[in-house]
Amino acid sequence: VKGPFELMGVTFVPVPLVHGEMEVLGYRFGSAAYLTDFSKLPEESVGLLQGLDDLILDALRDVPHPMHLTVEQSLAVVERLKPE
């Protein structure tokens with residue numbers, strides 16, 4: 001996916017994420033974002049995620065893993081993005 005697209009009247013904006021050494025995508029739609037199965041939020045993606053009301057994240061483990069966020073790391077993303 002190279003840019004925003006519309007599905008059933010909703011615009012989805014791809015958000016680049018990192019899964020280990022691989023680039024993957026999350027999506028912003030309206031004031032919500034769906035970001036799962038990743039290990040790092042690139043700095044250039046933070047601007048796409050300002051002003052969120054809802055943020056959907058996962059937290060696979062409580063110990064570090066090279067491809068997935070821990071609970072602590074997920075909470076740090078929430079603190080950084082500050083969704084409503």
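The values are calculated or read from the model by the stated rules, or taken from the named source; none is laboratory data. Quick caveat, the model's predicted, so the values are computed rather than measured. Don't worry about glycine lacking a Cβ; one is built from the backbone with ideal geometry, like all the others, and counts go over all protein chains shown.
Just name the residue that is nearest to the chain's Cα centre (by Cα) out of those in region 1-27 that are of a type outside the set (A, V, I, L, M, F, W, C) and farther than 18 Å from L69 by Cβ. First the steps, then the outcome.
First, the residues of region 1-27 that are of a type outside the set (A, V, I, L, M, F, W, C): 2-4, 6, 9, 11, 14, 16, 19-21, 23, 26-27.
Checking the rest, the ones that are also farther than 18 Å from L69 by Cβ come to 2-4, 6, 9, 11, 14.
Working: K2: 16, G3: 16, P4: 15, E6: 19, G9: 22, T11: 16, P14: 9 Å.
Going through the qualifying residues, I end up with P14.
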I'd like the full set of residues that are among the aliphatic types (A, V, I, L, M) and more than 19 Å from L25 (Cα to Cα), limited to region 56-75. V63, V71, L75
Any hit, region 36-58, residues being in contact with a helix residue (DSSP H, G or I) (Cβ under 9 Å, 6 or more places away or on another chain), in a loop (DSSP other than H, G, I, E, B) and without any contact (Cβ under 8 Å) to a residue 24 or more places away in the chain: yes
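Within 15 Å of V77 (Cα to Cα) and either in a strand (DSSP E or B) or touching a residue at least 24 places away in the same chain (Cβ under 8 Å) (or both): does that describe L25? Lay out the reasoning, then the answer.
Details: within 15 Å of V77 (Cα to Cα): no; either in a strand (DSSP E or B) or touching a residue at least 24 places away in the same chain (Cβ under 8 Å) (or both): yes.
Taking the combined requirement at face value, the residue does not satisfy it.
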Sole miss for P14 among (1) part of a strand (DSSP E or B); (2) modelled with pLDDT under 95; (3) not aromatic (F, W, Y) is condition (2)
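Could you tell me which residue of region 59-84 is nearest to V18 (Cα to Cα), considering only residues that are part of a loop (DSSP other than H, G, I, E, B) and of a type in the set (D, E)?
D62
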Tally time: how many residues in region 27-43 are more than 18 Å from R61 (Cα to Cα) and not aliphatic (A, V, I, L, M)? 8
Report yes if some residue within region 58-69 is more than 18 Å from P14 (Cβ to Cβ) and in contact with a Lys or Arg (Cβ under 9 Å, 6 or more places away or on another chain); otherwise report no. yes
Residues in region 41-67 that are touching a strand residue (DSSP E or B) at 6+ places or on another chain (Cβ under 6 Å), crowded, with 18+ Cβ neighbours inside 10 Å and more than 18 Å from E84 (Cβ to Cβ) total 1
